[in-house]
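The values are calculated or read from the model by the stated rules, or taken from the named source; none is laboratory data. Owing to the predicted nature of the structure, the values given are computational and were not obtained by experimental measurement. Using ideal geometry, Cβ is built from the backbone for each residue, glycine included, and neighbour counts are taken over all protein chains shown.
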Amino acid sequence: MSTVRVGVVGAGTIAGFHLAAYSKNPDVTIVAMCDTNTERASERAREFGATAVFSDYREMVASPDIDVVSVCTPNDTHADVAIAALEAGKSVLIEKPMTVSVAQAEAIVRAEAANPGFVQIGYVRRFSSNAVTLKTFIDAGDLGPIYYTKATFLRQAGNPGGWFSDRSIAGGGPLIDLGVHFIDMCLFLMDFPEVQSVSGYTFAGLGNRGNIRGLTRYMTADYDIAQNSVEDLAGALVRFTSGAVLLIDTSYSMHGRDTQFFEIYGEKGGATLEPALHITTELHDTIVELTPTIDSLSFDVDEGFQKEIDTFVRTAQGAGVPVAPAMHGLHMARILAAIYESATLGTEIRLEPLSSATLLN
């Protein structure tokens, strides 16, 4: 496959990032747009040169003129769209989170295994230079065995509203929207260790904080100050069978400052990934601080999406293996479900080992 023909389902904000990156890849032709709002789909089609507009994703994925599909729809529809595309022989780039339930994630894993296409989940932060560089150091053993990861992604008034604030559609709040980035980063850097147990908590006392003035933030077109069924704040302690631990907290609403950091510690060295890449180690019985010389020491959204899309396109061309397959999404779905269950029950949740062989039989 020389030129990859793309169809995009969903014409909202995140689709704009996908389309912009596709448009800069010389091996891509943007063929079709699909959205239940055909006016919005038509606007995107005109903007990026797509020749076909659909209101039904089933019709779009059935088109022989499309090779791959980007799924940029609300979370609760990801599984239906992705499975339909896979069964139509397409490969699929699914925005995070892959699904809102473990059952949906398992269904996508089975669909990927049963069909010729592949899945890439939109874990965009994996592709930025800081993460790629840190992964190289960890894989080379420079940090030694990893035993502790600490991550925080807090917003003081960052609930986007609309479907993001509707648990029945989004599957949750900041944990499933923001927290997935750093949970995935932990799993990715540690090469997907088996999860042993999860202890989680959530709070929901503040709501979407639409009353806050003087603060520029992303809000959906259908923002409704009265609508909110997701948590304000969530956190968890995740234990892995290796003995390693992940400590994470994330929020949409809290009386505090916006804060974002990711730290990882090994027996030979540690590193800060966000807000900027920095490595601490020992040489000759001396603590040494290392700052890599790279284009971007922190996450660059444009770079991340471009490299994510370019990787997806190369894989569709047969030039690589899938980098974020459906099994990675299943790992995430199990952790998210366990955190929410633990928060509801007020107790630790232990997870059974995840076996792809058992799942696919």
Point to revise | Enumeration of residues in segment 183-238 that are of a type in the set (Ser, Thr, Tyr) and in contact with a strand residue (DSSP E or B) (Cβ under 9 Å, 6 or more places away or on another chain) | key: SER197, SER199, TYR201, THR202
Review point. Assuming TRP163 fulfils every condition listed in (1) in contact with a Pro (Cβ under 9 Å, 6 or more places away or on another chain); (2) surrounded by 22 or more Cβ atoms within 10 Å (Cβ to Cβ) apart from one, which condition is it?
Key: (2)
Check your understanding: Got a sec? Which strands (runs of 3 or more DSSP E) wholly within segment 217-333 have at least 2 residues that are of a type in the set (A, V, I, L, M, F, W, C), within 20 Å of the chain's Cα centre (by Cα) and not assigned by TED's automatic domain parsing to the domain that holds ILE14?
Key -> 233-240, 245-251, 259-266
Check your understanding: If you take the residues of segment 1-23 that are in a strand (DSSP E or B) and under 18 Å from the mean Cα position of the chain (by Cα), which of them is surrounded by the fewest Cβ atoms within 10 Å (Cβ to Cβ)?
Key -> VAL9
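Out of everything in segment 275-306 that is surrounded by 11 or more Cβ atoms within 10 Å (Cβ to Cβ) and of a type in the set (Val, Ile, Thr), what residue ends up being nearest to SER70 (Cα to Cα)?
Filtering segment 275-306 for residues that are surrounded by 11 or more Cβ atoms within 10 Å (Cβ to Cβ) and of a type in the set (Val, Ile, Thr), the one nearest to SER70 (Cα to Cα) comes out as VAL301.
This table checks each residue for (1) surrounded by 14 or more Cβ atoms within 10 Å (Cβ to Cβ); (2) in contact with a Pro (Cβ under 7 Å, 6 or more places away or on another chain).
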site	(1), (2)
ASP222	no, no
VAL230	yes, no
ALA236	yes, no
PHE240	yes, yes
ALA244	yes, yes
LEU247	yes, no
THR250	yes, yes
MET254	yes, no
ARG257	no, no
Review point. Restricting the search to segment 76-103, which residues are surrounded by fewer than 24 Cβ atoms within 10 Å (Cβ to Cβ) and assigned to a helix (DSSP H, G or I)?
Key: ASP76, THR77, ALA79, ASP80, VAL81, ILE83, ALA84, GLU87, VAL102, ALA103
Check your understanding: Which residue pairs have Cβ atoms closer than 8 Å, lie 6 or more positions apart in sequence or on different chains, and pair a first residue in segment 306-322 that is of a type in the set (Lys, Arg) with a second residue that is surrounded by 17 or more Cβ atoms within 10 Å (Cβ to Cβ)?
Key -> LYS307/PHE127; LYS307/SER128
Review point. Can you tell me how many residues in segment 24-75 are in contact with a strand residue (DSSP E or B) (Cβ under 9 Å, 6 or more places away or on another chain), in a loop (DSSP other than H, G, I, E, B) and over 30 Å from GLU106 (Cα atoms)?
Key: 5
Check your understanding: All but one of (1) modelled with pLDDT of 95 or more; (2) surrounded by fewer than 20 Cβ atoms within 10 Å (Cβ to Cβ) hold for GLY266; which doesn't?
Key -> (2)
